[in-house]
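Participant: What follows is a structure written as structure tokens; I'll ask about it next.
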Amino acid sequence: MNLSMRQLKLFEAICRCHSLTDAAEEQAISQSAASQSLKELEKQLGYSLFRKTGRTLTLTEAGSLALPKVRQVLANLDSLRFPSEQFVGGVLNVSASETIASYLMPQLLADFVARFPKVEPHLNIDNTERVVQHVENSQASVGFIEGPAYSSGTRQELWLEDQLIVFAGPDFHWSSRKNIPSGELAAQPWIVREPGSGTRAVFDHAFQQRQETPRIKLALSRQEAIKQSARAGLGVGCLSQLSVVDELASGVLVPLETSLNLTRRFSLLSLKEAAPTALVKEFLQFARHWKP
């Protein structure tokens, strides 16, 4: 079997980009050359890596099994740039859900790179479900999530505590009282994150504890859209306190007291079965002791 690094890098890029066209562009080759390279790789391996549905490429079962091995080969190749196995440097692939990625990751990664200047951090931002998938599929070496998530393939550690906060625009009818009575909570026009996000999971669980179903007016995938919708008077928002500090300080949003249990813990994820590289091991230790 005569596999080339170019073929393996292309395969990994297709899995990461979810597109042959985008992967070809990233690898600086033509789409026809990428297609031919993929065919040659599958011929060498003796099995198909992808199934094609329209323009969409989906990993076959064999391709899913091959992907972690290919990423390990590429990681080992990258490590040849450094003088020893204990040297901390190279590409660090991190995946984090939106609140963590927006308000905690920049400083965490900056602090880590300040200690280890040879590290090249790559940060992917997605919701909790997708972050778990990224770690399970070895698309990320480390993941950070905001809500509860089941995963048999990852090791999950409690990381930092966070508090969700309920808020509205200054003209919303409860804003002058700064309190929503317990009996009125479910009836509010709620503006919340989409299903699959950690923030939404905590919000849903808080109402499940009350055995109530909240009235969801808008479910949005962007925090800024939720804040602007609440500011415009469309309803009551619920996000991490980290994401509304400036708006609450300026008064464009007003915090509302409720009886909802909205405390949560952020979690740190790593692959359960894989032995971490020196880089990943050092980053995990750094993250465990880091304070914002």
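No value in this document is a laboratory result; all are computed from the given coordinates. Because the structure is a prediction, the values reported are computed rather than measured. Note that we place each Cβ from the backbone using ideal geometry, even for glycine, and neighbour counts take in every protein chain shown.
Participant: Which length gain, in nm to one decimal place, applies between Ser102 and Glu157 when the Cα-Cα distance is subtracted from 0.36 nm times their residue separation? Intermediate values should be presented prior to the final figure.
Facilitator: Numbers: separation 55, 0.36 × 55 = 19.80 nm, distance 2.04 nm.
Difference between extended and current length: 17.8 nm.
Participant: Tell me, which longest segment in the chain has none of the GluC sites (Glu not before Pro) that fall in DSSP loops with at most 10 further Cβ atoms within 10 Å? Working shown, then result.
Facilitator: Values: sites that count: Glu85, Glu273.
After excluding every exposed loop site, the longest remaining stretch is 86-272.
Participant: Using r as the Cβ-Cβ distance of Asp204 and Ser19, and R0 as 41 Å, what FRET efficiency do you calculate, to the nearest 0.05?
Facilitator: 0.80
Participant: If the elastic network links every pair of Cα atoms under 10 Å, which of Thr58, Thr128, Thr154 fluctuates the most in the Gaussian network model of the chain?
Facilitator: Fluctuation is largest for Thr58.
Participant: Give me the number: length gained by fully extending His122 to Ala219, i.e. 0.36 nm times residue separation minus the C-alpha to C-alpha distance, one decimal in nm. Let's see the in-between values first.
Facilitator: Numbers: separation 97, 0.36 × 97 = 34.92 nm, distance 2.85 nm.
Result: 32.1 nm gained on full extension.
Participant: Kindly count the pairs of lysines across the chain whose alpha carbons are less than 29 Å apart, treating pairs on different chains or eight or more residues apart as eligible.
Facilitator: 25
Participant: Enter the angle in degrees (range 0 to 90, nearest 10) between the Cα long axis of helix 61-79 and the first principal axis of the Cα atoms of the chain, meaning the one along which they spread out most.
Facilitator: Taking the Cα atoms of the chain, the angle to 61-79 is about 80 degrees.
Participant: Between the helical axis of 105-115 and the dominant principal axis of the chain, each derived from Cα atoms, what acute angle in degrees is found, rounded to the nearest 10?
Facilitator: Once rounded, the angle reads 50 degrees.
Participant: Let me ask you something else. Starting from region 92-177, pick out the chymotrypsin sites (Phe, Trp or Tyr not before Pro) whose DSSP state is loop and whose Cβ has at most 15 other Cβ atoms within 10 Å.
Facilitator: Answer in residue order: Tyr150.
Participant: I've got another one for you. What's the extension gain from Val245 to Ala33 if we count 0.36 nm per residue and subtract their Cα-Cα distance?
Facilitator: 71.4 nm
Participant: Taking only Cα atoms, what is the 0 to 90° angle, nearest 10, from helix 31-45's long axis to the longest principal axis of the chain?
Facilitator: 70
Participant: Moving to a separate point now. Can you give the calculated 222 nm mean residue ellipticity of the chain, where each DSSP H run of n ≥ 4 adds -39,500 (n - 2.57) and the sum is split over every residue, rounded to the nearest 500 deg cm²/dmol?
Facilitator: -12500 deg cm²/dmol
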